[in-house]
Amino acid sequence: MLKAIELSKTYKSGTDEYRALNGVSVEIADDDCLAIVGKSGSGKSTLMHLLACLDAPTEGRITFDGEDVTTFSNHRLNRFRNEKFGFIFQQFYLNGRDSVIENVVLPLKIRGIGAAERRDKGLEYLRAVGLADKAQKAAKDLSGGEKQRVCIARALAGEPKIIFADEPTGNLDSVTGGMVEETLFRLNREQGIALVIVTHDDELAAKCARRIELRDGEVVAAR
């Protein structure tokens, strides 16, 4: 489904250059479950941002179902990302004053889907993460674990092919983090949504079907 071919990323600051990623190739199949691991500065978040088309590689190509995504215009790329990918980040990125359901349906609103259909889908995915009863509550009033489950519902609302999760349990205690992990893996098993998790947590990575380890911007192990 998604293929990254010899990806490299170089950041420039004045006359200085920093090569964060060097010739990395990855394939993600339908219903895949992949962990990207490595120490801080290894390039794992850079790789995820490139795979998710949140940033462009300095070198290399990314294809989706055989089509070269790196050739897309900004408008087409934004639409593609909205339709194919879901995102879960460590920092939540919720609009605290908006209701839970307003946060969940934001990808659908961007897509131009009508209010009634947005509401129905929002409630459907809030039920999937056990938060339908919180639909009208302000997002800022939720616990950390509830906020992360809202992020999962928001990621699901767009009916993505792949969910990218960057340290999804990093801000949570072990019990709450375990609940979030189980929700993600259940969705992967039952709905066939491919899951790509960036983490420094070996226990979380071990629960994924595959893992790649990065060091200094290169793949040093894969299994």
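Summary of computed values
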quantity	calculated
Residues satisfying the stated conditions in the range 37-65, i.e. assigned to a loop (DSSP other than H, G, I, E, B) and either surrounded by 19 or more Cβ atoms within 10 Å (Cβ to Cβ) or in contact with a strand residue (DSSP E or B) (Cβ under 6 Å, 6 or more places away or on another chain) (or both)	G38, S42, G43, A52, C53, P57, T58
The range 35-52, residues that are farther than 22 Å from V69 by Cβ and touching a Lys or Arg at 6+ places or on another chain (Cβ under 9 Å)	A35, V37, G38, K39, S42
Helices (runs of 4 or more DSSP H) contained in the range 66-155 and holding at least 2 residues under 30 Å from L7 (Cα atoms) and not polar (S, T, N, Q)	74-84, 106-111
Where G170 falls short, out of the listed (1) at pLDDT below 90; (2) touching a Ser or Thr at 6+ places or on another chain (Cβ under 9 Å); (3) crowded, with 19+ Cβ neighbours inside 10 Å; (4) outside any helix (DSSP H, G or I)	(3)
Filtered residues of the range 120-175 (kept if hydroxyl-bearing (S, T, Y) and farther than 27 Å from K44 by Cβ)	Y125, S143
Residue in the range 10-24 that is under 19 Å from R81 (Cβ atoms), touching a helix residue (DSSP H, G or I) at 6+ places or on another chain (Cβ under 9 Å) and assigned to a strand (DSSP E or B) present	no
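The values are calculated or read from the model by the stated rules, or taken from the named source; none is laboratory data. Not measured: the values here are computed from a predicted model. Counting neighbours? That spans all protein chains shown, and the Cβs are built from the backbone with ideal geometry, glycine included.
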